[in-house]
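Q: Can you read through this structure? Questions will come right after.
The numbers here are math on the coordinates, done by the rules we state, and not lab data. If you're wondering where the values come from, they're calculated on a predicted model, not measured in any experiment. Cβ atoms come from the backbone with ideal geometry, glycine included; neighbour counts cover every protein chain shown.
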Amino acid sequence: CMSLKELYEKVDVFQSKLSPEARSFSQCKKGCSQCCKVELSVFSVEATYIRLWFSSLSPEKKGKLKASWTDRSPGDCVFLKDHSCTIYEGRPLICRTQG
């Protein structure tokens, strides 16, 4: 059985192998946050993954992230700050496949 982390890695590898034209439409990059302007839900296994990813961070990083999550615009993802994903490394599948 494949772990969620393995699935995320496969998706990331798949996207890296797309043609340059296709990749230009599906690359997430700082400043482009249109996909983050909707209310999305994640599977409970993904929420657990985010919690585990977060728990692996240093206390300083956790504090900075928590502070950034309190100030957001209505309709924005709770993890979006200054047009950038604050949990990019731990983001869920829906966020890895948007573009």
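Q: Projecting each Cα onto the charge dipole of the chain (Lys/Arg +1, Asp/Glu -1 at the beta carbon, about the Cα centre), which of SER3, CYS35, PRO59 comes out farthest on the positive side?
A: Value: PRO59.
Q: Sticking with this one: What is the total of Lys pairs in the chain with C-alpha atoms under 20 Å apart, excluding same-chain pairs fewer than 8 positions apart?
A: 15
Q: Continuing with the same structure: Using amide H atoms built 1.01 Å from N in the peptide plane, name the residues 5+ places from LYS81, or on other chains, whose amide H lies under 5 Å from its own.
A: It is THR86, by chain and number.
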